[in-house]
Structure formats: structure tokens, C-alpha cells
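First the structure, in the form of C-alpha cells, and then the observations on it.
The values are calculated or read from the model by the stated rules, or taken from the named source; none is laboratory data. This is a predicted model, so every value here is computed, not measured. Cβ placement follows ideal geometry from the backbone for every residue including glycine, while neighbour counts extend to all protein chains displayed. When the accessible area is computed, the model is the full protein with side chains, heavy atoms only, and any ligands, DNA or RNA have been set aside. Shrake-Rupley method; radii C 1.70, N 1.55, O 1.52, S 1.80 Å.
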2 protein chains.
Amino acid sequence: MYKPFLTALLTGLTGALLHAQSATSIGSPNQAIRLTVQNNPAGEVTYQIRYKNKPVIEPSGVGIKLSRPQVTLNRFTITAVDSAKVDDTWKPVWGEESQIRNQYNELIVSLQDKGGSGIGMRLHVKIFNDGVGFRYEFPKQAKLDHFIVADELSQFRFSADHRTFWMPGDYDSNEYLYNFTKLTEVDAAAALAKEKDIALQSPIGPNAVQTPLLVKTADGLYISLYEAAVLNYPVMALQLDKKTLTLTSQLTPDAVGNKAYLQTPTQTPWRTILVSDKATDLLASRMILNLNEPSVIADPSWIKPQKFVGMWWEMHVGKANWPLAGGKHGANTANVKKYIDFAAKYGFDGVLVEGWNVGWEDWFGNWKEDVFDFVTPYPDYNIDSLTAYAQGKGVRLIMHHETSGSVTNYERRMDAAFQYMVKEGINTVKTGYVGRIIPRGEHHDGQWMVNHFQRVAEKAAQYKIMVDSHESIHPTGLHRTYPNWMASEAARGSEFNNAPTLGITPEHTTVLPFTRLLGGPMDFTPGLFRMRLNQFDSTRTTRVRTTLAKQLALYVTLYSPLQMAADLPENYEKHLDAFQFIRDVPVDWAQTNVLAAEPGDYVLIARRDKQSPNWYVGAITDEAARDLPLNLSFLEPSKTYEATIYRDAPTADWDTNPEAYVIEKKTVTAKTKLNLHLAKGGGCAIQFVQK
Amino acid sequence: MYKPFLTALLTGLTGALLHAQSATSIGSPNQAIRLTVQNNPAGEVTYQIRYKNKPVIEPSGVGIKLSRPQVTLNRFTITAVDSAKVDDTWKPVWGEESQIRNQYNELIVSLQDKGGSGIGMRLHVKIFNDGVGFRYEFPKQAKLDHFIVADELSQFRFSADHRTFWMPGDYDSNEYLYNFTKLTEVDAAAALAKEKDIALQSPIGPNAVQTPLLVKTADGLYISLYEAAVLNYPVMALQLDKKTLTLTSQLTPDAVGNKAYLQTPTQTPWRTILVSDKATDLLASRMILNLNEPSVIADPSWIKPQKFVGMWWEMHVGKANWPLAGGKHGANTANVKKYIDFAAKYGFDGVLVEGWNVGWEDWFGNWKEDVFDFVTPYPDYNIDSLTAYAQGKGVRLIMHHETSGSVTNYERRMDAAFQYMVKEGINTVKTGYVGRIIPRGEHHDGQWMVNHFQRVAEKAAQYKIMVDSHESIHPTGLHRTYPNWMASEAARGSEFNNAPTLGITPEHTTVLPFTRLLGGPMDFTPGLFRMRLNQFDSTRTTRVRTTLAKQLALYVTLYSPLQMAADLPENYEKHLDAFQFIRDVPVDWAQTNVLAAEPGDYVLIARRDKQSPNWYVGAITDEAARDLPLNLSFLEPSKTYEATIYRDAPTADWDTNPEAYVIEKKTVTAKTKLNLHLAKGGGCAIQFVQK
């Protein structure tokens, strides 16, 4: 695991670490970030991070508490300090860039328990130009083999009462809106209480918040606390001590209160601190990916980024329904055929079909174990004929596996379910985990479920199946290791536009890139063209709080290799000119330039297609109208491009006139400067086709 | 489910039940047992049982408490009373008899919750000549669909402080010795504390006892409280109130404290009360089987009762070991070949092989999930060559699936494991559940595990595999419904002869037929010929507390369609004359006559082979020597038989001279009367071959 590259990266005397109150410090490759590790006479080990000499993390403790053997590992003797520097690049199977630089300095501090247990562990730190990751490593050793984690004692102490974008701590749901308050104003209980559309809440406590946590300091730093490579370990939330402004890791417990069952050699996930004085740097960071292991899939040629339509939103808006009974069954043969025709006509790769299989009569809220079998279509859904029909048109169905949270049931049927997919020629599955988990007492975010998601990714890979997981753990860069686990929901997605209470605020999509999206692609399901959701039920007051142009821009600002065009075919056919952008926009990029961004306010990103020299720009704003200058210097010099600009009409407004847009074409070069005017809740999407 | 046969079985006026303090009463077909149901003005419903006018169960409450919907169903209006009488016979696939009479009167009392929930349920009672079974039935109804059981409120109130054979209540182990005390002297905590060889104890409480509970009254009644057809519901223990001499059902909780998740239409298992003034009647009772549903296996021709030897006891006595490492790996190719040769030479059907697969290094005590994969043999075990070799000799290997309690792991691998067995031509599996259950927080006796065992039986049947489950729930007659689930351990078996603390007392095997064996066959693994277990370790003081003749007799007194000859081939080869009985004794019977029995003292049973007119007798005693008269009137009149009598030598004694036996042959007829002298801890086995 650890390969020692002994170099002279350290400032301070390494040897001094062996003595009382010793300290060592290491910089990022560009020296903007400096990390200092200290060991005081009592044995406490702390780390401290500064960015351009501004405080990021004040000296904060590290350690871990075990329940078997029963020992708290938080007083140490430092027995060795090793360091190394790494600078390489790698090519993701798909993503925001065709190659990624992985440059960091690292520090490996060997710690011996001062309490006499004989246990040794390592604090492994990697310092990138855009942040720091650290984890605990437990080598194979005589005094530690199998062990149980009671609590992780990692701390993150801030220097001041920063403003923060936070979500209330919840072991089962990450589908909250973000709150923006000072640290001392965090009130998780109030945040939970106002979210009436989240059916399953498992609150951690009044001062608990989820990761990623985004902080904005008064002196201009953007700091994100998160985690990378969460495998065989629960998801980490944070407990806030408002007096000391300290956040302490809060792991998701299992059914009996334990946090993790581990065996040496092993390690925890990385605890990550991204920091910059430029908000755009956070969005451009690839540190989370770099902290993950390389792909385990030797031949990834079957993994294809794709766009899809499907039998889904029409259930949400009341045109159809999942169950067979009730006369509104959406997933019937004729209806799905229409989606296949639509996908084929407009060049989409896939057609998602929800509600295709027996079990929906009785699927939700009963903690029922044997809910779906994943292989029995409803009698009105002729899957054999549809897969053949789709194949003839160059389209594939996308399978839906709603588990209803009954994961034991899914695991025992997963092989049969995947074999059925292979038989039907379907190679993408959307999984769902709505409801309380079975094994009962387990949480969505616990170690058992983390292991489940890994098992799904691995087994799906055996069957060459791509996975889009909903109600799953927040992604932590594992799509590097399992590039067939292409996207997850794991946040409040577009379906909440139809939620009656809070819906999706205009600012939500300007926060996501700084929080949830840091970990990996989201199946947000953008592309809604009809903003008032009363199409099939005139009494319905739910609505989409964006302009139509912003819906287009989301395809650029919210990256995913699986992108849905979520609205109904009939709604797209009324706006085929705007729909053209969704048809054209790629889902795999050669290059990404984050041009401007401010969390909660706006995001402006340009990306270059992996298959062509064409560029695409997405700009979105929150509830405020604004103008964003767009310098086209990213375009190839001496080339001309035809720009197709999909923008808000002058009168557009998410509230009063959301569907008003203008499409214009312009010839531009790298020297062109545009001004993008975004309406309230608006956006702008631009395609630049090289001539 | 319920077919109304309205008859005039009831005494008292049915109509009267609709009024306050009404009562109705129904007798067993032979009128020996009388059951009375009362409904008092407060709505309480009680049942009462008398046997030949002696009290069996004093008026005791019925009911159930739900946590969702939150309602206690124990105050009722009786809305209807139906009755029926049934008398038919059926043929088990295998068993103690070739056909079983199923004769009972039944009462179905329709109950409406008096608390206003609108919920209706039924108390369904069947009265046989040998006992009573009752259960709760929940029809499909508007006010009850999915529901969660918080507690069952079934009560069993005794009329006096009876003496009782009891085991301490434990959600995870049923491998205790039985204690014999008055009801008021039950001390489960003390019983648990003295059992130092049970690694995993999950005590229910100081006054909790397991079922089956055996009671012996001062006026000569034998009463057994148990359950039948435990499916989709947890195992029931009993909480004893010593003041009122009342036992109340105590269901095994799941990880979050719930007892069962049910959906209408559904029902609880049967609560059974066997009663007789003759102890032998309890052993002859087939009521538990009759309360189970008929076989679900349409073509059971592949299900074969069998005898087997195997790689097992030599691990217990220290000759070999399960793991590869350590130099004593038992399941190596050469060693297993010897067992195959031995089985072929002496006419055994199967060879059990434990320790064959990777994982034993690390299998116990760590609550480890991914412990075995069930398809990877150790490198020194050439399973392909061995299965071929065995096949050539007319012998089959028996697979071993130790789950280590990690049932999620087993369930996700079970298909592959069974497919592997089919590939290797193996059609019997011994499963094991040693250790704490995963899903963590679940217990061996909880609903989730009950469902697991049903899944195993069903899936095994799909692959035409026979199952012998160890560390599983106590059997409740489910071998009628799943005749491929042939045997279970679920009690203290022969392996405890090697347990250092209490071992197996001489009386234990005289209690088992009155308790554990009422529910179904046990893989007790009798047949030990070497009683001091110091063969490979001279310091070892563990020992078998029987004579050798008693080991033979156990093949008759402890019925199982799977019987192991548990000792080492080299020990059998020193006593081939005695071994002949094990070779000869059948494992499937046409008829069973329980000739004499007293719990905790002695058992004398005669059984007729299903394939021949030959009879076999087994007689065992506890620590006391005794003489049992044996009247051979069960033999076919006018035929002569050659009796081969395997009896204790005159000097035999389990303590001082356990291996001394005498074999003698006699010609006998139905008129012959024998006297069987049993040594202390001794026994006698007889084969009667018709001439």
C-alpha cells in the first residue's frame, strides 16, 4: 500500500518529532497550502492547515476509538515520519476532462498508541495545490487484526464563525436543500422540520451536519470538508461544537451502534479539505478523484456515457402511475414504444422505464422485504418485443431496479436480475433505495450499505452493466475505481420540483457544484420545459423555479455521463428549437474551464467535447438576475465558431415568465467577448461549433 | 384457508357467546380433552383446557399487541363461532410412520376488537386426542393490511406449581441441558451461568424459558407447550410469572425490537399444548406434523433418508482441524478418500466433509461478513477427483456450508453454492450458523432468520438438495411441508460430549424425545464407540457419558432420516460386531410403537422398517440402571424372528466401564417376553429379522 519515497520535502526537523511538542510542516506543490502536524507532551497529535498564510483549519485532533479491542487511540508517540512527492497524470474512462493531473506531496506519520495497547497506526496526508486529504491506516500487526470502530475522532476546527452551506445530519437522506448561515446559527432540527417532503428522516442531532460542508470565510477563502474513497466504512457526518467552532466526525452507526468492522491491513476513507481563495478552483478540483484508486475494470470499452429519455416524469406529474392497477399504468407496451420512437427520432441512447415490474401496488412505507423480484414484468408490458423494437432503432431500454430499501431482497436476487438484463440486451440500470433499509436497523449511510453499493458496482461490472443509483450514499470519487457506477442521485434532484413544500429553490443548482457534485456525477434529470406542473391536474400548484434556458444550461453546469431529458415528449415537441441543445450537448468532455462561480449565486462553465473541437457553455444564476461577461479566449485561436445561444428572453423570469427564451446564432472567435444576461432564476446555454 | 364445516360439535349455546360472560366448549374426538373459550364483559377472551377432567391450562388470555397500527388486540366482541371435524390420513415422504392420521375437531372464533380499531381476527383452535393447537388468523380487511407485531399476548396458566423440564430463554442458542425443577424454582440466569461451553448466549431474562416446555403434574399429566409451523414469525419463548404460574409468549425481537412484519391475510404459528396421562403418548403424537401444511414438493422422489460417516468428529477430538494452516488439515484428499472407502465398504450413503473450503482461518468470533464463499476448496482437497471416486463406489459426499452466522453473505452466494453442489453431484448439505447473526442485531430465532431457513429449504428444493441445518431454529414440524429439510441440530447434540464443563448428562437423551424431538428430526450424531476422548490428546478429560450399547440404541430412540455414524473409522473397526447394528438400522420407518418412557428416566421404542418386515428396538436409561420388560406382541403373529440383541455387559457402567457390551442372538415370536437390563447410563438395541 505505502511505497516510501524518502525526500526532503519537510520543513522543520523530522527528528524533532520524536521529542516533546514537536512539529513538522509540509507544503503543497505550489506552496500555497501548508500543513503542520504537532505532537504534544500528552501525546495528542494535531494537524493545522493554512492557505497563503490564512487559517483554514486550526490545530485539530486526530484519532479513533475502538470498541473491540476497547481502546481509544488518541495519544501517540510518533515513531517515524516519511514523505514523498508525486506528479503524474491519468485518463478517466469518461468525465469532465480527458486527462487528470495528480500532483501532491505526502506525509506518512507512524503513530504508536501511548496507552500501552501496542497498536500502531499511520496518519497519511496528501497535500495537493487545491487541498488536503488525510486518512488513518492500520497495518497488519500482532496487536490488531479484526477490530470494531466505535467512533472516529477526526476534528476540523475553524478560526472564526464562518458562513456555511450546510445540510442537516441525517443517516438516511441527503435530499435536503442547503442552508446558508453562520456556523453558530446551524440548527439542524429546524432544517429537518421544514423539509416535509422527505418521507424518511433519521436525524443525527441538532448540531449535526452532512458532508460535504462548504464554508466561506470573511477573508475570502472557500473551504470544503468532505471525504474520498468511502469503501468498507460508513459515511461521515460532522458534529458541530459551536463554542469551539470545531466539527468532529460522526460516523453512521449500524443496527447495534457500531460504526465499522475492519480487519488489518486497512484504512479509513480520506478526510478532505479543499481550499482556495477562488470559488472556481473548488469546481475545477480533481482532488477527490485523485484520492481514489485507479479503475478495477481492465476493459472499459463497454462503458458509454449516454443521454436518455423515459417513462418517469409523467408519473411525477400525474399523467401515469407506476402500479398496474388504477388505470394509469405508464409502463405499458404502447406507451414505451412511443418513448422508443421519440428517442430514436431525436438521437437519444436510452429509454428509462419505471413501473415495468410487479410489486408497485405495495412497495412503499411498509418495510416489506419481499417487495420486487426484478424479473417479472406487468402483463401489459411486453419487454421482449420492446427490447427487440428498440434494438432495431438503435436505442436501448434502461432497466429500473427499485429496491424499496429492501436490500437483502435485492442482494439475493441481484444475479438473476442482472442475468435477466443481459438476456434482454439491457446494459444500464437505475437503482433505487426509497424507504427504510432492510436489514432493519441499518441506514442508507452505514458501512453495510456502503459495502452493498460496492457489491452492486462490482457485480454489475461482471455483467458489463452501467449503474445509476438513486437514494444511494453521496459519491466520493469512486467512479474513478468503478467507472461503470456512472452517476448517483444522492441529493435533491429535479423530481423535487414536484414536491409541494419547498421544491427546488433557484439557488439550489448553484450550490450543488460546490457540495454534492464534488464527489461525482449526479443524475439530476434536468430538461424540464413546462414549468407549471398542472398539465394533468389543474389543481396542482407545484412548479419548476427556473427559466427554460436555465434547464438547458444545467446540462453543462451539472456534469453527468448519464443525462436525462426528463420532460415529456409532447412538451419537447412544442419547443424543438430549444430541445436541439439537449440533443447536441455531449456527456463526455475533453476539457472543462470553470470561468466564474459563486456558491449560491451563479456558475459559468465552458467545456470542450471529447469527440470534436466544439465547446459548450452553461451559465446559471439564482433568484437574482445578473450579467456575466464571457470571454471566449478558451476557443482555439485562429478558428471561427458558430455560436448558438439559448438565452432567457428579455421578459423571462422564473416566477412570472419562465418559458420565454431566445435562440440566436453568432459567428465568434477566441477574441470575442459576450455578455450573458441571466433572468431571475435564469440561465444561458451556448454551443460553439468549429467551422 | 378456512373452510367452514358447520357441525354440531359444540356444547353450550354458540349463540350465548354473543352475550356477556359467554362460554363455549368443545371436546377432542375421544372427548378426553375439553377446551372452553370464554368472553367476559370486559371483552377478555380466555381459553381453558382440561384432560379427563383434570386441569391442564387454567383460563388464560389470548391476544396480540401491534406497534403499527398501534393497537392492543385483547378486548373483543365475538362475532361468530364456527366448528368442524376432520379425520383423514396422509403419507409422509419419510418418517416414523408410513401414514399419519389427522383427526381433530376445530373451533373458529371470530373476534372484533372492542377498542374501536375496526380490526377483526380469528382464534382458530384444533383439538386432537393428544392435544390442542391454536393460532391467530388475520383475514384481509380494510383496517389491517401491513402490520407490525410488538408482542404476542398468548398465555398458559397452570393450576399448580408443577415440575418442569426447562431450558433458559435465549434468542440465539438452544444447546442447553434441560433443568428439572418446580415452576417456581426456574432460575434462567443461573442456568445460563453454568453453561460455560455455549459461546454465544443472548439471555431473555431470569424467568424466561424456551419452548418446548415439558411439565409433569402431581396428578399424573404430562403437558408440553410448544409451537407448530413457525413460518414468517419469530420463535416463541415463554415468560414465567411465578406468582400466577402463568407463562406468556415472548417473541424474539429483531434488530430494532419489533417481533414480526406481517400482511393480511396471514396467521401466527400454532401454539400447541400436548397432554396425556401416559408419557408415551407424547412421543407417539403426530399433532405437530398435522398442524403443518402438506408438502410443497410435488415430486419428492429425490429425497432419500440416509446414513453417513464423515470428516467431523476427528476435528472435535483433536486428530485433525478445519483450517488448512497448522499441519492438521483433516479435509485433504487422501483422508477423505479413506472415509469414502469406509463408507463404501460398510454400506453408508454419504460422507460429510467439514473444513473443505477456504475461510476457516478466520471464521469465528469476529462478526465477519465475507467469511466463506462456499465454492473454493482448499488446495489440498481435490473435490473433483473425490466426487468422481465416491460416485464410482456408490457413495456421495455431503457438502458443508458453515455460514459463521453471516447469513447475508450466505444468501447472496447461495445460488452459486448450490449450483456448485449440483456440478459436483452432491445433493445433501449440512448448514451451520455458529456465531452472531449478520444482519447484525438479528437473532437466530427472529423472524428474519425463520424466513431465511424457509428460503434455504425452498431454494434447496429447486436444486433437489437435502438440508441438515445446525445452529438453526427449533423444528416445528416443517419437515412435513419441506421434506427436503430433513433434520436440524437445534439442541445439545453429541458434539457436547467433548465440551469440558457439563458435557452431556446420561439423562439428556431421555429428555430430548419429550422436548426438542417433538418438533422434528435431530442430527444428534450418535454412534460414539470410544468414550474417553483422550485418543489424540492424553490430557483431555472430556468423555461420553453413555455405554456403547446406549449409543446404538440412540439410532432408534432419536429418530432422524439423516443419521451419522459419528465416530472415527478406526474406532468402528475395533468393534465391527457392534458396528453391525449401525449398518443395519433403517432411517425410515413404517410404524413406531412407543412402549415405555418417562422423561429424564428412560425411553423404549420399537419401530418397523419401511422396506422390510423387520423390527428394531431401542431402549435407553439415564444415570440409573434399570430393567425394562419388553413384550414382543408388536411382532407379526405367527412369524418368527431372529433377534440380535446389543446390550450392556453385566459389568457395564457409563462411568467405570462404558465400552462393555454383549451381542446375542435369539429366535423370538410375538409371544416372547424379554427383560432388558440397562446399565447405569446404558441402553439396548435389538434387531428383529423376520425369518
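Each Cα pair of region B:504-631 feeds into the Kirkwood radius, which the Stokes-Einstein equation turns, at 37 °C and 0.692 mPa s, into a diffusion coefficient of 215 µm²/s. Annotation: lysines with alpha-carbon distance below 29 angstrom to B:LYS671 (same-chain offsets under eight excluded): B:LYS278, B:LYS550, B:LYS610, B:LYS639, B:LYS680, B:LYS691.
Taking only protein heavy atoms and a 1.4 Å probe, the accessible area of region B:496-610 is 44% carbon and sulfur.
For A:ALA229, neighbours were defined as the other residues whose beta-carbon sits under 9 Å from its Cβ, and their charges (Lys and Arg +1, Asp and Glu -1) total 0. Per residue of B:435-443, other chain Cβ atoms within 10 Å of the residue Cβ number 5 on average. Note on region A:231-264 and region B:67-135: Cα centroid distance 50 Å, given to the nearest whole angstrom. Helix B:548-557 and the longest principal axis of the Cα set of chain B meet at an angle near 40°. As I understand it, the value is the acute angle between the Cα axis of helix B:407-424 and the longest principal axis of the Cα atoms of chain B; what does it come to in degrees, rounded to 10? The answer is roughly 50 degrees.
Rounded to the nearest 5, the antiparallel percentage of DSSP beta bridges internal to region A:329-479 is 10%. Helical runs assigned H by DSSP (4 residues or longer) give chain B a calculated mean residue ellipticity at 222 nm of -4500 deg cm²/dmol, each run adding -39500 (n - 2.57) before division by the residue total. A straight line joining the Cα centroids of region A:428-460 and region B:185-210 runs 37 Å.
Under the Kirkwood approximation applied to all pairs of distinct alpha-carbon atoms, what is the hydrodynamic radius of chain A in Å?
25.9 Å
Inter-label distance, A:ASP380 to A:ASP577: 3.8 nm, where each label sits 7 Å from its Cα along the C-beta direction.
Surface composition of region B:176-264: carbon plus sulfur atoms hold 53% of the accessible area, using a 1.4 angstrom probe and ignoring ligands, DNA and RNA. Legend: residue pairs A:LYS114/A:LYS259; A:LYS126/A:LYS430; B:LYS52/B:LYS85; A:LYS337/A:LYS430; A:LYS304/A:LYS459; B:LYS52/B:LYS243, Cα-Cα distance threshold 28 Å; pairs beyond threshold, A:LYS126/A:LYS430.
Rounded to the nearest 20, the Cβ-based charge dipole of the protein assembly as shown about its Cα centre (Lys and Arg +1, Asp and Glu -1) stands at 240 debye. The residues neighbouring A:LYS368, those whose beta-carbon lies less than 13 Å from its own, together hold a net charge of -4 under the Lys/Arg +1, Asp/Glu -1 convention.
Scoring B:421-431, B:310-320, A:614-624 by mean Cβ neighbours within 10 Å over their residues and listing the highest first yields A:614-624, B:310-320, B:421-431. A loss of 50 Å² or more of accessible area (1.4 Å probe, protein heavy atoms, ligands and nucleic acids excluded) relative to the isolated chain is seen in these residues of region B:235-265: B:TYR261.
Surface composition of region B:348-405: carbon and sulfur atoms hold 49% of the protein heavy-atom accessible area at a 1.4 Å probe. For region A:20-77, the C-alpha radius of gyration divided by 2.2 N^0.38 Å, with N the number of residues, is 1.33.
Computed packing ranks the peptides B:480-489, B:343-352 as B:480-489, B:343-352, most packed first, by mean other Cβ atoms within 10 Å. Loop-resident trypsin sites (Lys or Arg not before Pro) (DSSP state other than H, G, I, E or B) in region A:230-263 with no more than 15 further Cβ atoms inside 10 Å of their Cβ: A:LYS242, A:LYS243.
Accessible-area loss of 50 Å² or more (1.4 Å probe, protein heavy atoms, chain alone versus all protein chains) is found in region A:386-422 for A:ARG412. Remark on region B:131-160: accessible area falls by at least 40 square angstrom from chain-alone to full-complex state for B:HIS146, probe 1.4 angstrom.
Using alpha carbon coordinates only, what is the Rg to Rh ratio of region B:549-591, with Rh defined as the Kirkwood radius? Mind showing how you got there, number by number?
Numbers: Rg = 10.7 Å, Rh = 11.1 Å.
Rg/Rh: 0.97.
Its residue count N sets the reference 2.2 N^0.38 Å, and the alpha-carbon radius of gyration of the protein assembly as shown equals 1.05 times that reference. Relative contact order of region A:529-679, please, whole-number percent, based on alpha carbon pairs below 8 angstrom and at least 6 residues apart. Here the relative contact order equals 25 percent. Rounded to the nearest 20 debye, the dipole size of chain A about its Cα centre is 1320 debye, using +1 on the Cβ of Lys and Arg and -1 on the Cβ of Asp and Glu. Take every Cα pair under 8 Å whose residues are at least 6 apart in sequence, average their separation, divide by the length of region B:470-567, and the relative contact order is 32 percent. Per residue, the convex hull spanned by the alpha carbons of region B:245-350 comes to 313 Å³. Peptides A:552-564, A:595-607 ranked from most to least packed by the mean count of surrounding Cβ atoms within 10 Å: A:552-564, A:595-607. List the lysines whose Cα sits under 20 Å from the Cα of B:LYS242, skipping any in the same chain fewer than 8 residues away. Straight-distance partners of B:LYS242: B:LYS182, B:LYS216. Dimensions of region A:142-301 from C-alpha coordinates, computed as largest minus smallest value along each principal axis and given longest first, are 45, 38, 36 Å.
Cβ under 11 Å from A:ASP113's Cβ, A:ASP113 left aside: what net charge do those residues give with Lys, Arg +1 and Asp, Glu -1? Around A:ASP113, the surrounding residues sum to +3. Computed from Cα atoms, the angle from the helix A:333-346 axis to the main principal axis of chain A rounds to 80 degrees. Across chain A, Cα pairs under 8 Å and at least six residues apart give a relative contact order of 11 percent.
Here's the list of aspartates and glutamates a cross-link from B:LYS194 could span, going by alpha-carbon distance under 15 Å and ignoring same-chain residues fewer than 8 apart: B:ASP170, B:GLU175. Per residue, the accessible area of region B:206-356 comes to 30 Å², computed with a 1.4 Å probe over protein heavy atoms only.
What is the interface area between chains B and A, defined as buried accessible area summed over both chains with a 1.4 Å probe, reported in Å² to the nearest 100?
Summing both sides, the interface buries roughly 2100 Å².
Using bins of 5 Å that start at zero, the share of Cα-Cα pairs per bin across region A:62-175 amounts to 2, 9, 13, 16, 14, 14, 16, 11, 4, 1, in whole %. Rounded to the nearest 0.05, the FRET efficiency derived from the C-beta distance between B:ASP627 and B:LYS196 at R0 = 41 Å is 0.65. Over every Cα atom in region A:582-691, the radius of gyration and the widest Cα-Cα span, Dmax, amount to 13.6, 42 Å. So, R0 is 22 Å and r is the distance between the beta-carbons of A:SER612 and A:SER98; what FRET efficiency does that work out to, to 0.05? Computed FRET efficiency for A:SER612 and A:SER98: 0.95.
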